[in-house]
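Since the structure comes first, as C-alpha cells, the remarks are kept for the end.
Any read-out appearing in this document is the output of simple, stated calculations on the displayed coordinates, not a laboratory observation. From a predicted model like this one, the values you see are computed outputs, not experimental measurements. As a convention, Cβ positions derive from the backbone with ideal geometry for all residues, glycine included, and neighbour counts pool all protein chains shown.
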Amino acid sequence: MTDTDMSCDDCRPMLEALVDDELAPEEAARVRTHVASCVECARTLESQKDLSRLLQDNLVHYDAPDVLKARIRSALSQSVESPQPNAAPPSRLRQRWIGLAAAGIAIAVASSATTLVVMRSTTTERTLASEVLTSHVRSLMPGHLVDVASNDQHNVKPWFNGKVALSPPVPRLDSLDFRLIGGRLDYVAGQAAAVVVYARRQHLIDVYAWPQPGSDVGASSRSSQGYNFVTWRSGDVEFWVVSDLNPRELSEFVGLYRGGVASR
C-alpha cells in the first residue's frame, strides 16, 4: 500500500470531516482518491452530504436568553477585576461557574430538542406536500381526475362509504363560483385518502382528507412548482388543498369550504 492508498476503515471516519471541509488538503485528497474507486465509501459520502443539506435547510439557530448573557458577562467581568476584600472565595466562584455552565447546557439541550422537533415536522410536511402534488399532477392525466363525476354532493359523499376510513365533507359551493366536479380515491404517504374535486374557471382544486388523530391545527399555506397548498387538521382529519389557482382565491375557497363544513 502506497502513502496515497487508504483503506475503507481509515476513510469512513473522515467522510464527515470532508463534507464539513475540516480536513487538511493532503488528507482531503487521499479521501477523494479512495472514494473515487470505492462504491461503498462513495455511497456513504453521498449520505453524509444529504444529511448535511437536510440539517442546513432545517436547523434553527437559537440565541441564548438575555438573562443568561448578562449573567455570563457579569461573571467574566468579576473574574478579571482585582480581588476585593469581600470577594467571594474561590469555591463560591467555582460554584457560580458550574451553575452558569449547567444553565447553558440545559438551554442547549432544550434548543436541540426543539430544533429536532421542528426539523422533523418540517421534513414531514415537505414529504406530504410532495406526495400530494404528485397525486394532484397524476390526476390531471386523462381519465384520472374523478372516480365519481357529479355536481351533486348527495352523490359524491356517499360514494366514499366503504372505500376510505372517513366520509369527507362535500359542501356545495357552486353559488360562490366553486363548482363541485366529483371525487376519487387516492393514496398519500401509503394511506388511502378521499379527494373531493372542485373547479374555478379553468383551475382544478383537489381537497384531500384522511384520518389523522391529534389536536386541531390551524391552516397554513405554502407554494411549490407553481402550485399552492393549504393544510389544516380538524376533528382528527388531515386536510390538504392543492391547486394552481392563485393564493388569494385559494384562500377564499378554503375559508368557504371550512365554513361549509362547520355549518353542516
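Quick look at the values:
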read-out: Karplus-derived 3J(HN,Hα), 6.51/-1.76/1.60, for each residue of the stretch 241-247, Hz, glycine and proline x; value: 10, 9, 6, 8, 4, 5, x
read-out: Whole-number Å³ per residue for the convex hull built on Cα positions in the stretch 135-264; value: 109 Å³
read-out: Shape category assigned to the stretch 8-58 from the gyration tensor of Cα positions, a/c cut at 1.5; value: oblate
read-out: Additional length obtainable on full extension of the chain from residue 236 to residue 138, 0.36 nm per residue less Cα span; value: 32.6 nm
read-out: Nearest-20 debye value, the stretch 132-264 charge dipole, Cβ charges on Lys, Arg, Asp, Glu; value: 60 debye
